[in-house]
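Following: one structure in structure tokens, then a few remarks.
The values are calculated or read from the model by the stated rules, or taken from the named source; none is laboratory data. This is a predicted model, so every value here is computed, not measured. No Cβ is skipped: glycine too gets one built from the backbone with ideal geometry, and neighbour counts run over all protein chains shown. To get the accessible areas, we keep the full protein, side chains included, count just its heavy atoms, and leave off ligands, DNA and RNA. Shrake-Rupley method; radii C 1.70, N 1.55, O 1.52, S 1.80 Å.
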Amino acid sequence: MLQKLNCTLLVFGMFLLSVNAQEQPNFIFILTDDQQYGMMGCTGNTIVQTPNLDQLAEDGVLFTNAHVTSAICTPSRASILTSQFERKHGINFNSGTSMSPEGWANTYPVVMRNNGYYTGWVGKNHVPVGEGGYMSGLMEKSFDYWYAGHGHLSFYPKDRHKIFEDAESDTQVEVIGEGITDFLSNEQKLKGAITFLDKRPADKPFMLSVCFNLPHGNGTSSMQQRESDDEIYKSLYRDKDLPLPEHYVAKADIKTPKLPESIHRAYDRQTGYDYVDMPETLKERYTRQLQAMTGIDRLVGHLRTTLKKQGLDKNTVIIFTSDHGLFMGQFGLGGKAFCYEQTTHVPMIVYNPAEKKKKRGINSDALVQSIDLAPTMLSLAGITAPTTYQGKDLSKLLAGKSSEVRDYLYTENLWSTQFGNPRCEAVQNKEWKYIRYYKNETFSAKKKIKAAQALGVNVNKMLYKVNDIDLAQYRAFVEDPLQWEKPVYEELYYLATDPKETTNLAAKTAYQDKLKDMRSIWAKEIKNARGTEPPMVLRYTADSEAEKGKIIQPK
């Protein structure tokens, strides 16, 4: 009798575990690349066709004041994974580091997998992880389903990454779409995908990260209007007379640069952003960006239809955001790696079907950041977040139980290299924004290119190779402002009436008290961003890999 009772209890316990697993929400996290805020209908673009993203915003919560922490791919994506500011996680193109296994263990996908989630990653990865960085294989082993490439994908991923070779489609959005469909199916037929189970378990919740390399220039610049391309990527928007961005200044018309040359060497900018210099080339790139957004939007529509057909739509949280924005010639600027709104302000949509309808379909102007997403997902899943996280849990905000999670937000740019971008930090609330800059003593890209060409040296190696000495310089970038380094230039903007940051008030007598206040806030926020623990990183430089007989290829 006792044996029979124990057996019954065991079966009942297993049933409860199964029910609890099924009650935990599924998650699909969608990350675009270089998508500035105003690239969707729901964020004010009257030209682009994004009905499915607009509907997602209508069904969920659209955060209208969301910001990244660092406006460049690798550190921003590492911040999303770790819920840490770059100043704490210590990973950038110029840092000479990869994320250590200990750091990787605290990222949201690993934490969720360790707590019973079936996990997948589809699309792009741009964060070096483990010993040997992108070649370590640690990321691939950390997921139940992996269908992704390290570094840029281009518009035609099969041309660049072997893993995508058996996809039916040629174009990036559609190749990624095939990966999503394969992950959600119980067949998983894509031969290139790395899987650890024959099919997705029906009794386990899932976490799928979908990472695009669009509308980033690596994707849009490589669009070729091939015969196999969908009509979206051939003709859409080409009949439109697209407007130039507000405050656009062509290179030939620049009279006074936005920033002094001593902190921003515009002439050293990467040539990939030269399309902003003339209206004609800018409009061509903008057309391609809009086409990419409509392709992504269609994928989101197909995704939601698939979830509904499979009965997953009522229990799947969908999160959509971008890794940072992009300058498109505003004030004559191109690219990212600044602390201006144009580069840090991003779209963010959180759709949680479990929330009551009256709590959804709203726009929130709360000050939220990309580092808030990991703790929010873990909270919604009922999982305790690691103590290393610096982001805020937005679940109460989503439930309408609070309206704010922070008074000020902090952003930074530590990617100050031969390409002339300034090293800077910023703090802001809904009214005021303060940015401080440091002396730019990095060696000129133009001088490097000239020397490389004269001596027959590979230009890309000259420009992109990171050596041990760069690791030391990056560490100084992180620590010096906390200890002794003073700014050489400051900006103060009243965002309430000047959201485009046109008028710097820092030098005006009437605003010196406000400037002093914002400096004090900066001092507090940069300390919080740095934390007290050393970054969880490994040495990952051309020197470290050469010692192993390996060569790092630029990603």
* Asked: Would you say S228 is in a loop (DSSP other than H, G, I, E, B), open to solvent by 30 Å² or more (accessible area, probe 1.4 Å) and either of a type in the set (G, A, S) or at pLDDT 95 or above (or both)?
  -> yes
* Structure fact -> Exactly one of L492, L515, L482 is among the aliphatic types (A, V, I, L, M), modelled with pLDDT of 95 or more and surrounded by 19 or more Cβ atoms within 10 Å (Cβ to Cβ), and that one is L492
* To do: Give segment 397-414 a look and list any residue that's open to solvent by 20 Å² or more (accessible area, probe 1.4 Å), modelled with pLDDT of 95 or more and either touching a helix residue (DSSP H, G or I) at 6+ places or on another chain (Cβ under 7 Å) or of a type in the set (S, T, Y) (or both), or say none.
  => V405, Y408
* **Failed condition for T344, given (1) within 21 Å of the chain's Cα centre (by Cα); (2) open to solvent by 40 Å² or more (accessible area, probe 1.4 Å)** => (2)
* Output yes when any residue across segment 263-271 is closer than 30 Å to F320 by Cα, among the polar types (S, T, N, Q) and exposed (fewer than 12 other Cβ atoms within 10 Å of the Cβ), and no when none is. => yes
* Asked: What single numbered condition from (1) touching a Pro at 6+ places or on another chain (Cβ under 7 Å); (2) open to solvent by 20 Å² or more (accessible area, probe 1.4 Å); (3) of a type outside the set (F, W, Y); (4) more than 20 Å from R475 (Cα to Cα) fails to hold for M40?
  -> (2)
* Contacts under 8 angstrom Cβ, first residue in segment 455-480 being touching a residue at least 24 places away in the same chain (Cβ under 8 Å) and farther than 15 Å from E441 by Cα, partner open to solvent by 90 Å² or more (accessible area, probe 1.4 Å) and of a type in the set (K, R), 6 or more apart -> D468/R539; L471/R539
* Which one of the conditions (1) of a type outside the set (S, T, Y); (2) open to solvent by 10 Å² or more (accessible area, probe 1.4 Å); (3) in contact with a Lys or Arg (Cβ under 9 Å, 6 or more places away or on another chain) does K357 fail to meet, given that it meets all the rest? -> (3)
* To do: Report the residue count in segment 361-388 for those that are closer than 20 Å to P535 by Cβ and within 19 Å of the chain's Cα centre (by Cα).
  => 5
* Asked: Which residue pairs have Cβ atoms under 8 Å apart, sit 6 or more places apart or on different chains, and have a first residue in segment 185-205 that is more than 24 Å from G149 (Cβ to Cβ) and a second that is small (G, A, S) and in a loop (DSSP other than H, G, I, E, B)?
  -> N186/A202; K204/G116; P205/G116; P205/A381
* Asked: If you check G391 against the conditions, is it out of contact with any Leu (no Cβ under 6 Å at 6 or more places or on another chain), within 26 Å of F212 (Cα to Cα) and surrounded by fewer than 19 Cβ atoms within 10 Å (Cβ to Cβ)?
  -> no
* Quick one: how many residues across segment 415-433 are outside any loop (DSSP other than H, G, I, E, B), more than 21 Å from the chain's Cα centre (by Cα) and surrounded by fewer than 24 Cβ atoms within 10 Å (Cβ to Cβ)? -> 1
* What pairs can you find where one residue is in segment 147-176 and touching a residue at least 60 places away in the same chain (Cβ under 8 Å), the other is open to solvent by less than 30 Å² (accessible area, probe 1.4 Å) and of a type in the set (K, R), and their Cβ atoms are less than 6 Å apart, with a gap of 6+ or different chains? -> L153/K124
* To do: Determine, yes or no, whether V61 is crowded, with 22+ Cβ neighbours inside 10 Å, out of contact with any Asp or Glu (no Cβ under 7 Å at 6 or more places or on another chain) and among the β-branched types (V, I, T).
  => yes
* Which of the residues that make up segment 266-291 are touching a residue at least 60 places away in the same chain (Cβ under 8 Å), farther than 21 Å from Y233 by Cα and of a type outside the set (F, W, Y)? -> A266, D268, R269, Q270, D274
* Every residue from segment 485-513 that is among the charged types (D, E, K, R), within 19 Å of Q330 (Cβ to Cβ) and assigned to a strand (DSSP E or B) -> E491
* Structure fact -> Residue set E140, E102, E131; condition within 22 Å of D182 (Cα to Cα), surrounded by fewer than 21 Cβ atoms within 10 Å (Cβ to Cβ) and modelled with pLDDT of 95 or more; output residue E140
* Which members of segment 518-532 meet the condition of being open to solvent by less than 90 Å² (accessible area, probe 1.4 Å) and assigned to a loop (DSSP other than H, G, I, E, B)? -> G531
* Asked: Is at least one residue of segment 195-213 more than 25 Å from D34 (Cβ to Cβ), modelled with pLDDT of 95 or more and surrounded by fewer than 17 Cβ atoms within 10 Å (Cβ to Cβ)?
  -> no
* To do: Using the structure shown, decide if D166 is at pLDDT below 95, in a loop (DSSP other than H, G, I, E, B) and either more than 20 Å from F29 (Cβ to Cβ) or touching a Gly at 6+ places or on another chain (Cβ under 6 Å) (or both).
  => yes
* Within segment 375-391, which residues are more than 21 Å from E525 (Cβ to Cβ) and either assigned to a helix (DSSP H, G or I) or among the basic types (K, R) (or both)? -> M377, L378, S379, L380
* To do: Determine whether segment 177-190 contains at least one residue that is open to solvent by 30 Å² or more (accessible area, probe 1.4 Å) and closer than 25 Å to G90 by Cβ.
  => no
* Residue tally, condition in a helix (DSSP H, G or I) and exposed (fewer than 12 other Cβ atoms within 10 Å of the Cβ), over segment 451-475 -> 6
* To do: Look through segment 118-159, keep the residues that are among the hydrophobic types (A, V, I, L, M, F, W, C), part of a strand (DSSP E or B) and within 18 Å of the chain's Cα centre (by Cα), and return whichever of them is nearest to D203 (Cα to Cα).
  => W121
* Asked: Applying the selection to segment 278-333, what residues are outside any helix (DSSP H, G or I) and over 25 Å from N421 (Cα atoms)?
  -> Q310, G311, L312, T316, V317, I318, I319, F320
